Amino acid sequence: MLKPWTVPYQRFSNHIMTTLSQTKEIFRRADAVCFDVDSTIIREEGIDELAKFCGVGDAVTEMTRKAMGGSVTFKTALTDRLSIIRCSREQVNKLITDHPPQLTAGIKELVDSLHQRNVKVFLISGGFRCIVEHVATQLNIPLHHVYANRLKFYFNGEYAGFDETQPTSESNGKGKVISMLKEKHGFKNVVMIGDGATDLEACPPANAFIGFGGNVVRQQVKERSLWYVTSFGELLKELEKI
């Protein structure tokens, strides 16, 4: 009888049995890799940092935890959190200037390696485009490869809501973006990498999902990931096998 840890963990998706080795193979052959941003590419949750900056950190952090765990719909959590923060355009700009997002160790090297292999890299985030674009610029990712939520402001700079037409404002929104990318570009192997429930649920349509626990471990995601890593160095090593 096989010991429990020697039995390969398998997931049925579209009636295709996927194993850890197959997931790694898809990653090595990927023509597009999509990254979550908060707690994946950057060390913090952008919306939590914005809340702290606006003096309402504790209330919003708890809502973020529930949203990432999948216990409430993403749109509900986003609406509720922003209604508490009510940030101005000036506050957002000052946050980026005074407390710029901190890149996770190894992400620059990984993105550079993917680019060298002509793999397209996209950022798909439930966070805010103004912050995510700053991150994309640091990683030499084209801004038209960024999909994130847009904050809206009145002419005087006060908070006016967010653009609810963006697919990233809803649960399953990341999957909708990936479906659109596959249709638009004809990608055959798309990999989604992230730490949260909204990332996990993007596979399918992503051909493979890699759970990332380098900044925070979300137990539900760890248990349901065929491949779960805690550093981007693990992914770099896999690319070097090509």
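Every number here is computed from the coordinates shown, using simple stated rules; none is lab data. Since this is a predicted model, take the numbers as computed values, not measurements. With ideal geometry, Cβ positions are generated from the backbone for all residues, glycine too; neighbour counts draw on all protein chains shown.
Here are some notes:
- Under 14 Å from the Cα of Lys182 - aspartates and glutamates, other chains or at least 8 residues apart: Asp31
- Spherically averaged projected area of the convex hull of Cα atoms, the range 152-200: 4.9 nm².
- Packing, taken as the mean count of other beta carbons within 10 Å per residue, orders the peptides 82-93, 218-229, 35-46 from highest to lowest as 35-46, 218-229, 82-93.
- Between 0 and 90°, nearest 10: helix 57-69 axis offset from the chain longest Cα axis: 30
- Charge sum, other residues only, whose C-beta stays under 14 Å from Lys241's C-beta, Lys/Arg counted +1 and Asp/Glu -1: +1
- For the chain, with +1 on Lys and Arg beta carbons and -1 on Asp and Glu, the positive-most of Val72, Tyr159, Gln116 along the dipole: Gln116
- Positive contributions from Lys and Arg (+1) and negative ones from Asp and Glu (-1), summed over other residues with Cβ under 13 Å from the Cβ of Gly157, come out at +2.
- DSSP-defined antiparallel bridges as percent of all bridges, the chain, nearest 5: 25
- Taking 0.692 mPa s as the viscosity and 37 °C as the temperature, the Stokes-Einstein diffusion coefficient of the range 203-242 based on its alpha-carbon Kirkwood radius rounds to 300 µm²/s.
- Amide H within-cut-off set for Ala208, under 5 Å, with H built and near neighbours excluded: Val190, Met192
- Relative to the globular-protein estimate of 2.2 N^0.38 Å, the Cα radius of gyration of the chain stands at 1.01.
- In the range 100-143, the inverse of the mean reciprocal separation of distinct Cα atoms equals 11.0 Å; this is its Kirkwood hydrodynamic radius.
- Calculated mean residue ellipticity, 222 nm, the chain: -12000 deg cm²/dmol, from DSSP H runs (n ≥ 4) at -39500 (n - 2.57) each, averaged per residue and rounded to 500.
- Note on Lys237: lysines with a C-alpha under 18 Å away, same-chain residues under 8 apart excluded, are Lys24, Lys108.
- Electrostatic bookkeeping for Ile210 treats Lys and Arg as +1 and Asp and Glu as -1; over the other residues with beta carbon under 11 Å from its beta carbon, the sum is -4.
- Contact order relative to length of the chain, as percent, for alpha carbon pairs under 8 angstrom and 6 or more apart: 25
- Most tightly packed first, judged by the mean number of other beta-carbon atoms within 10 Å of their residues, the peptides 162-168, 210-216 read 210-216, 162-168.
- Intensity falloff of the range 68-126 expressed as log10 I(q)/I(0), Debye formula with alpha-carbon point scatterers, at q = 0.12, 0.20, 0.28, 0.29 Å⁻¹: -0.54, -0.98, -1.09, -1.11
- Computed over the alpha-carbon atoms, the range 149-242 gives an Rg to Rh ratio of 1.08, Rh here being the Kirkwood radius from the mean inverse distance.
- Summed over all non-identical Cα pairs, the Kirkwood treatment of the range 61-190 gives a radius of 16.2 Å.
- Aspartates and glutamates with Cα under 13 Å of Lys176, excluding same-chain neighbours fewer than 8 positions away: Asp199, Glu201
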